[in-house]
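For reference, the structure is listed below as structure tokens.
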There are 2 protein chains.
Amino acid sequence: MMDFLEEPIPGVGTYDDFNTIDWVREKSRDRDRHREITNKSKESTWALIHSVSDAFSGWLLMLLIGLLSGSLAGLIDISAHWMTDLKEGICTGGFWFNHEHCCWNSKHVTFEDRDKCPEWNSWSQLIISTNEGAFAYIVNYFMYVLWALLFAFLAVSLVKVFAPYACGSGIPEIKTILSGFIIRGYLGKWTLIIKTITLVLAVSSGLSLGKEGPLVHVACCCGNILCHCFNKYRKNEAKRREVLSAAAAAGVSVAFGAPIGGVLFSLEEVSYYFPLKTLWRSFFAALVAAFTLRSINPFGNSRLVLFYVEFHTPWHLFELVPFILLGIFGGLWGALFIRTNIAWCRKRKTTQLGKYPVIEVLVVTAITAILAFPNEYTRMSTSELISELFNDCGLLDSSKLCDYENRFNTSKGGELPDRPAGAGVYNAMWQLALTLILKIVITIFTFGMKIPSGLFIPSMAVGAIAGRLLGVGMEQLAYYHHDWAIFSSWCSQGADCITPGLYAMVGAAACLGGVTRMTVSLVVIMFELTGGLEYIVPLMAAAMTSKWVADALGREGIYDAHIRLNGYPFLEAKEEFAHKTLAMDVMKPRRNDPLLTVLTQDSMTVEDVETIISETTYSGFPVVVSRESQRLVGFVLRRDLIISIENARKKQDGVVSTSIIYFTEHSPPMPPYTPPTLKLRNILDLSPFTVTDLTPMEIVVDIFRKLGLRQCLVTHNGRLLGIITKKDVLKHIAQMANQDPDSILFN
Amino acid sequence: MMDFLEEPIPGVGTYDDFNTIDWVREKSRDRDRHREITNKSKESTWALIHSVSDAFSGWLLMLLIGLLSGSLAGLIDISAHWMTDLKEGICTGGFWFNHEHCCWNSKHVTFEDRDKCPEWNSWSQLIISTNEGAFAYIVNYFMYVLWALLFAFLAVSLVKVFAPYACGSGIPEIKTILSGFIIRGYLGKWTLIIKTITLVLAVSSGLSLGKEGPLVHVACCCGNILCHCFNKYRKNEAKRREVLSAAAAAGVSVAFGAPIGGVLFSLEEVSYYFPLKTLWRSFFAALVAAFTLRSINPFGNSRLVLFYVEFHTPWHLFELVPFILLGIFGGLWGALFIRTNIAWCRKRKTTQLGKYPVIEVLVVTAITAILAFPNEYTRMSTSELISELFNDCGLLDSSKLCDYENRFNTSKGGELPDRPAGAGVYNAMWQLALTLILKIVITIFTFGMKIPSGLFIPSMAVGAIAGRLLGVGMEQLAYYHHDWAIFSSWCSQGADCITPGLYAMVGAAACLGGVTRMTVSLVVIMFELTGGLEYIVPLMAAAMTSKWVADALGREGIYDAHIRLNGYPFLEAKEEFAHKTLAMDVMKPRRNDPLLTVLTQDSMTVEDVETIISETTYSGFPVVVSRESQRLVGFVLRRDLIISIENARKKQDGVVSTSIIYFTEHSPPMPPYTPPTLKLRNILDLSPFTVTDLTPMEIVVDIFRKLGLRQCLVTHNGRLLGIITKKDVLKHIAQMANQDPDSILFN
């Protein structure tokens, strides 16, 4: 605890880059600050106003985060939409219109062919003035690949030159930061600007990636930058992390238009320390963000959600069988994706491959674009694809997927009965099957490249395709075999029994669940998309199966796997530590090592301490009464010690190398004519955490997690014996799980 | 930590009634159990099956809880509906029909008068064969009061005789139990049976109370009873509390038909230790419960929710002003209710009043019934009233509240424009105002009587009435003054600008929020009632205002206030401890007290220990190396010590009063011909939690909360100095808040 009566020394109490914060100390500092403001508020009106504004600054900050991240999401949506269409052609009515808006404003458009209007020109029309024939196709193909390569090149170059932290989805790093790690610049303004621009470019390039994960990173950048306007949050690492948790909720809220789902995502997946106060504020930020996005209205339909669906038919209990099959598929896909993607990323890290990020991105983009163009389901943007797969065929739908025979016959109730599939549907099935294979393969190589890339959308696409295929299969089975025992009880001829769109949705949830291992938040996000409790049971069945299957094949979700790959010091809160080891097995020094390096409370000189500092690399030292007794007094951090001694040498009269450093309340008795002593009690933590050497490690892990400790001292019968740091704990956990303990890189 | 190699002594590791559990120990025991099962599972197929079934038993338990609590809720709904109608009359077509069902089955009923059919006979028709005139009115009045008194008498007698724990809402006690307190029988089978029966009686008696809170208690009883079928949960207090958290979610889920809201209620309001695993399981239990209730279909409309509402008009930004006014009203009502109710409950506890619960209930019931009968809004059941207040007047609504002039004129769009209020509306306004006053006053005296009583519904009723009054007022203002600046921009003549039902809903949320201080869960429950994101902003504005206003007038919600009134040892997780005291200020022994009572590790005889046990009442003793060094070895619980010594005296050969008790690994060297020694290392906790005497109390409070400790030892420079128990912490917090520290009654 710092002694606030004395003048604080600048730098004391801050952290180095790539270091773990001490939650207990940060929270104590915030409480001290709060206490000071509360006490002062009784003195003057000005101080009272200050105190009230301090209390409300959290809410104001949430409002600003919601507004900013909602606006940015709207901007990204609009630009990405326009640039995606740019790959196919341009609007002569105004180059800033995308395809949909271009034809919207046109007078020459019929209801059946909403997509065709004279104002919209494909590249072949512009260059060789025709849209027919093989040559025009080749021109369009060429321009499509060219634009894709251009966008991808710009994206990777911008990331490489200006903000290397802008790549990837950012969620693994944000999880680590929220758990109490410092990565300077990861949430800075450059990252924000470059990530926003390159995200648009990456999405537009047609690569198999989504913008949902990176939107969380963008929202967290907004949160972090806005924190700088408020003293309360700028100076306190723990308070700032509360804000970042709320910002993550706002990010998911705008990504899916699901504010409650966003809050639960932040709670379940991202956050580490999530007090109830933060829950309420996160909810506010998520709502503001969602409504800001809606008022920008980037999809032009006043809908909050990305994939709005409305189903008309209830599901039948028997359908749980295919839903659970989809869950199994989702689990398998999740396990496969995580293994292969991690293996590929490890290869990228360890071989020459990682040195040529630009070439890698260009090659993957070229392959994606070349394979994607001929197939309409891969050519369209992935979110459009998902939207179409979720869609329940209505009377007016003209897409191939809705090309059933007797399309316009409605049943008595006005609903569309199950019908035999037409040629269009069969054709679409083939194309979708090819799309499925392409997406599965290419996504593995895409996620982890040096561009912003999320995997919510590709995962959902994989699941939605599988689900739609199964759904159409079931529908046809039920149509042609409605006399089978399994169908006869609930599916009479001419009834609308099976909704293939629902299968697509369940499949999407299953695949997303398999990759991320989300549970409640996944179901709630999907619930917010459909808006009815009706379909929660299928979604839940699929999500549960998918999680169980994926967990059986590998415990980690994709984000945790990437955290481990990068060696971040992240102490997983979900996994129980199940081994029967004791604190003495983990603590340093080990049995045959030299004794623990300690300082004594009133007998070491400045020189002694400086020698210890220069000879060791420990980030802190216990202070004891005497080396003989090993009775613990407190703990002092290396960084604070260096700064304080340097400061004393500069400012304090007569502090020299032979000066005695003391940590006690009063100066020890000194013989006359000795140099002045140096009191360092103000940097001493007088309440270090201790456990006994016989404490089971499961309890130690629990203490580290719940209190957010950085280190803990180990005693035996009241004598100091050793020290356990967060890194030691993580290394021990890795070792117990038969993983390489040296993969934990940071303190 | 217990040594599992030795035979455990029966009784060691259990708790006394009205004591606090040690979360760390309970969780360790569960991990040991889990480890044992996992290790064994490799040995045989049978053990593997056992291990798998153990892993899935949690899910099975959730399923059973959902089914049971859903069924009970359905049963309660149906019975309460029937018995409420019994106060007014009886169905000759079958006495088991309630009013609605009676006329549903009738052929003689017209659409306009759905409520009137010859099969339904009021008491005056049955007794004096007429329904007209003053005498018939008096007969009905008399019967109404008589039935009410009968129901109330039965309810209070059953509670008093069979299950005193069945009274009240149960939520304060459940909060305390979940935080780690033992109240035997509070969640037992008698409580369940009696609470279910008396809840129906209490609701039917027409008292101003709801069944929503008690339903949480009923669901928790189900959870607790079902735990007995599973070894994993029966024997472990910590695991059982996880199940109870999920059961509470299921309770709210069936109370409001809001599964997500239920889970968030459990998370925000009730639970103490809520790991993410529990979140997912709670969600499952809540869903199962909701769907069970729906398949029982007690409301006869296939709706999951109690108050289904569908509004057609969006709200305007200006309307936030009245919504915030409703928030202020809700906050004021909350603060008023909590203060007066707590004052009245304290009076009941301390004066003669508490000795006559039956008379109290009968008097309050009589007053309620007598005042309620003449006014149709107080005569109908409170949930029906709320339902009517939430309702947006449609074309076919024939209630007085919808008696506008030009009722059947629709505007172009087919929607109903704002219209001038007719005589019926004005009349309803007066009656509602009287209802409001009655509800406000009578609820204060009702909540806390010795019958099951929830306050969700009365609170919501107060808010809904206030909201509807304000809503109709606003509507008329907008109709007559649509040229005012504040209206002219958005409310043209003949448009449907204002929905009074929405005001009622916002008011209900505000009042519920003021009383319970719920935030996210409140908004989500209300969101699930309306099913649209559209109205979340008004609800949130009202809930926020209401919480701020109520918090400004008194920090505690009603449940926390009742916990404090009853002196339960509940360590609030939301409130930060803001004072700058240290562990040494709180620990026992105080400065001038005799030294801490300790045991030494290998030098005390059985007699010495027995003397200490008989002379003190402490629930545990630290064990030290020697009294001189005061170096801590471990901590031993009084209960374990008594049981072990008793057991040793009975079974172990030769253990007598002069036998040496030792806690070390090996027996101390003994002179020959001394009685055999007694090894008690297996009951010694070798990893007691310690803090230094200079640790700030804010950190100590944090440790107690987060780790769920029961006691913590205090050291100075490695020497044992004192002890802090949970009770000490709570007393200190009470003292710092200028409350009576002796109000904390239990350990």
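In the stretch B:282-295, the residue that is modelled with the highest pLDDT out of those that are within 10 Å of chain A (Cβ to nearest Cβ) and open to solvent by 30 Å² or more (accessible area, probe 1.4 Å) is B:284.
Say whether the condition of being within 30 Å of residue B:453 (Cβ to Cβ), at pLDDT 85 or above, among the polar types (S, T, N, Q) and in a helix (DSSP H, G or I) is met by at least one residue in the stretch B:166-174. Break it down stepwise before answering.
First pass over the stretch B:166-174, keeping only residues within 30 Å of residue B:453 (Cβ to Cβ): B:166-174.
Applying the additional criterion that residues be at pLDDT 85 or above yields B:166-174.
Filter once more, keeping what is among the polar types (S, T, N, Q): B:169.
Add one more test, that the residue is in a helix (DSSP H, G or I), and what stays is none.
Within the stretch B:166-174, not a single residue is within 30 Å of residue B:453 (Cβ to Cβ), at pLDDT 85 or above, among the polar types (S, T, N, Q) and in a helix (DSSP H, G or I).
When B:628, B:646 are checked against the criterion of being under 18 Å from residue B:603 (Cα atoms) and among the acidic types (Asp, Glu), B:628 stands alone in meeting it. Please work out if residue A:613 is over 30 Å from residue A:670 (Cα atoms) and among the β-branched types (Val, Ile, Thr). Spelling it out, it is not the case that residue A:613 is over 30 Å from residue A:670 (Cα atoms) and among the β-branched types (Val, Ile, Thr). Being away from every other protein chain (no Cβ under 14 Å) and open to solvent by less than 20 Å² (accessible area, probe 1.4 Å) is a property that residue B:512 has. When B:650, B:731 are checked against the criterion of being at pLDDT 90 or above and basic (Lys, Arg), B:731 stands alone in meeting it.
With respect to the stated conditions, residue B:670 is away from chain A (no Cβ under 14 Å), open to solvent by 20 Å² or more (accessible area, probe 1.4 Å) and at pLDDT below 90.
Between A:602, A:560, which is within 14 Å of chain B (Cβ to nearest Cβ), in a loop (DSSP other than H, G, I, E, B) and either crowded, with 17+ Cβ neighbours inside 10 Å or among the hydroxyl-bearing types (Ser, Thr, Tyr) (or both)?
Values: A:560 fails: in a loop (DSSP other than H, G, I, E, B).
Residue meeting the stated conditions: A:602.
Take residue B:688 and decide whether it is part of a strand (DSSP E or B), modelled with pLDDT of 85 or more and not β-branched (Val, Ile, Thr). No. Could you list, in sequence order, the residues of the stretch B:520-557 that are among the acidic types (Asp, Glu) and open to solvent by 30 Å² or more (accessible area, probe 1.4 Å)? Answer for the stretch B:520-557, where residues must be among the acidic types (Asp, Glu) and open to solvent by 30 Å² or more (accessible area, probe 1.4 Å): B:534, B:556.
Contact annotation: residue pairs with Cβ atoms under 6 Å, 6 or more positions apart or on different chains, pairing a residue in the stretch B:435-448 that is under 16 Å from residue B:348 (Cα atoms) with a partner that is in a helix (DSSP H, G or I) and open to solvent by 30 Å² or more (accessible area, probe 1.4 Å), are B:444/B:340. Screening the stretch B:483-532 for helices (runs of 4 or more DSSP H) wholly inside it with 1 or more residues that are under 29 Å from residue A:283 (Cα atoms) returns the ranges B:500-516, B:520-530.
Report whether or not residue A:638 is surrounded by fewer than 18 Cβ atoms within 10 Å (Cβ to Cβ), touching a Gly at 6+ places or on another chain (Cβ under 9 Å) and away from chain B (no Cβ under 14 Å).
Working: surrounded by fewer than 18 Cβ atoms within 10 Å (Cβ to Cβ): yes; touching a Gly at 6+ places or on another chain (Cβ under 9 Å): yes; away from chain B (no Cβ under 14 Å): yes.
Yes: the conditions hold for residue A:638.
Is it the case, given these coordinates, that residue B:65 is modelled with pLDDT under 90 and either surrounded by 20 or more Cβ atoms within 10 Å (Cβ to Cβ) or among the β-branched types (Val, Ile, Thr) (or both)?
Details: modelled with pLDDT under 90: no; either surrounded by 20 or more Cβ atoms within 10 Å (Cβ to Cβ) or among the β-branched types (Val, Ile, Thr) (or both): yes.
Taking the combined requirement at face value, the residue does not satisfy it.
Residues satisfying the criterion are present in the stretch A:549-558 (criterion: at pLDDT 90 or above and more than 23 Å from residue A:346 (Cα to Cα)). The residue of the stretch A:704-731 that is farthest from the other protein chains (Cβ to nearest Cβ), among those that are of a type in the set (Val, Ile, Thr) and either open to solvent by 10 Å² or more (accessible area, probe 1.4 Å) or not in a helix (DSSP H, G or I) (or both), is A:725. Looking across the stretch A:179-193, the residues that are assigned to a helix (DSSP H, G or I) and crowded, with 22+ Cβ neighbours inside 10 Å come down to A:191, A:192. Filter the stretch B:585-599 for residues that are over 30 Å from residue B:660 (Cβ atoms) and surrounded by fewer than 19 Cβ atoms within 10 Å (Cβ to Cβ); which is farthest from the other protein chains (Cβ to nearest Cβ)? Per the stated criteria, the residue is B:592.
Collect the residues in the stretch A:109-127 that are modelled with pLDDT of 85 or more and exposed (fewer than 13 other Cβ atoms within 10 Å of the Cβ), keeping them in residue-number order. Selection gives nothing.
When the residues of the stretch B:573-584 are filtered to those that are part of a loop (DSSP other than H, G, I, E, B) and more than 10 Å from chain A (Cβ to nearest Cβ), the one that is farthest from residue B:715 (Cα to Cα) is B:575. For the stretch A:395-421, which positions are under 13 Å from residue A:475 (Cα atoms) and at pLDDT below 75? Answer for the stretch A:395-421, where residues must be under 13 Å from residue A:475 (Cα atoms) and at pLDDT below 75: A:416, A:417, A:418. Across the stretch B:115-164, the qualifying residues are those that are part of a helix (DSSP H, G or I), touching a Gly at 6+ places or on another chain (Cβ under 9 Å) and of a type in the set (Phe, Trp, Tyr), and the one among them that is nearest to residue B:453 (Cα to Cα) is B:151.
Inside the stretch B:249-272, can you point out the residues that are away from chain A (no Cβ under 14 Å) and touching a Leu at 6+ places or on another chain (Cβ under 8 Å)? Can you show your working first?
In the first step, residues of the stretch B:249-272 are kept if they are away from chain A (no Cβ under 14 Å); the result is B:250-252, B:255.
If the condition is that a residue be away from chain A (no Cβ under 14 Å) and touching a Leu at 6+ places or on another chain (Cβ under 8 Å), then B:251, B:252, B:255 are the ones that fit.
Looking across the stretch A:265-281 at every residue that is modelled with pLDDT of 90 or more and open to solvent by less than 10 Å² (accessible area, probe 1.4 Å), the one that is farthest from residue A:706 (Cα to Cα) is identified as A:265.
From the list A:71, A:79, A:57, the lone residue that is surrounded by 13 or more Cβ atoms within 10 Å (Cβ to Cβ), farther than 30 Å from residue A:198 by Cα, among the small types (Gly, Ala, Ser) and touching a residue at least 12 places away in the same chain (Cβ under 8 Å) is A:57.
Of the helices (runs of 4 or more DSSP H) contained entirely in the stretch A:273-373, those carrying at least 1 residues that are within 30 Å of residue B:519 (Cβ to Cβ) and in contact with a Gly (Cβ under 7 Å, 6 or more places away or on another chain) fall at A:276-296. Residues in the stretch B:619-640 that are within 15 Å of residue B:22 (Cβ to Cβ) and part of a loop (DSSP other than H, G, I, E, B): 1 in all. Which of the residues that make up the stretch A:687-702 are at the interface with another protein chain (Cβ under 7 Å from one of its Cβ atoms), within 21 Å of residue A:180 (Cβ to Cβ) and of a type in the set (A, V, I, L, M)? Hits for the stretch A:687-702 are A:691, A:699.
The values are calculated or read from the model by the stated rules, or taken from the named source; none is laboratory data. This is a predicted model, so every value here is computed, not measured. So basically every Cβ, Gly included, is an ideal-geometry build from the backbone, and we count neighbours across all protein chains shown. Only protein heavy atoms, including side chains, enter the accessible area calculation; ligands, DNA and RNA are left aside. Shrake-Rupley method; radii C 1.70, N 1.55, O 1.52, S 1.80 Å.
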